[in-house]
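Comments concern the structure below.
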Amino acid sequence: MNLKVLFLDDDSYVLHAYQRMLRGAPYQLYFAQDKQQALDILQSTAIDLLLVDYCMPEQNGLEFCAAREFWQPSVRCYLVTGLDNQTLFATACDKGLIDGTLAKPLRKDTLLDFLQCQQQQLLTNQGDAAL
């Protein structure tokens, strides 16, 4: 089973960069430029992983991820941010609002390694659930 990943970022340049970096990668990729596009995808597709920009105009990424219990409680949410606010993000992780953070700018090798680890974790969890 291929990892289903949704990228949410208000910057179309960043979304296109993700698309270019992941061209040919063995994942099902979805891209949203605003909250409503992301919610539409989440309502129609079982997403495994959400990578969301922290700084967005309507609602920040942390607020968006904190509401996951209303759309897909099992989706893993990671903030992608250039901000260095470790206290805020560590508290959010401790409270279960997010699963972690990734530092911007994301390099291709970093992103591919991260997605490979997430894919392996998904397969491991599915194997454990089958037992």
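Worth a mention:
- Semi-axes of the equivalent ellipsoid for the range 12-65, Cα gyration tensor, largest first, Å: 19, 15, 9
- Taking a straight Cα-Cα cut-off under 14 Å and skipping sequence neighbours fewer than 8 places away in the same chain, the aspartates and glutamates within cross-link reach of Lys35 are Asp9, Asp10, Asp11, Asp53, Glu58, Glu63.
- The chain - mean residue ellipticity at 222 nm from DSSP helices (-39,500 (n - 2.57) per run, n ≥ 4, rounded to 500): -14000 deg cm²/dmol
- Each Cα pair under 8 Å and six or more residues apart adds its separation to the average, and for the chain the resulting relative contact order is 23 percent.
- Of the complete DSSP H runs in the chain, those spanning 30 angstrom or more by Cα along the long axis with a mean Kyte-Doolittle score not below -1.0 are 108-130.
- Stokes-Einstein translational diffusion, the chain - Kirkwood Rh over all Cα pairs, 1.567 mPa s, 4 °C, in µm²/s: 86 µm²/s
- Net charge of the neighbourhood of Gln19, taken over other residues with C-beta under 13 Å away and scored Lys/Arg +1, Asp/Glu -1, is +1.
Just so you know, all these numbers are worked out from the coordinates, no wet-lab data involved. Just so it is clear, the structure is predicted and the values come from calculations on it, not from any experiment. Cβ: placed from backbone, ideal geometry, glycine included. Neighbour counts: every protein chain shown.
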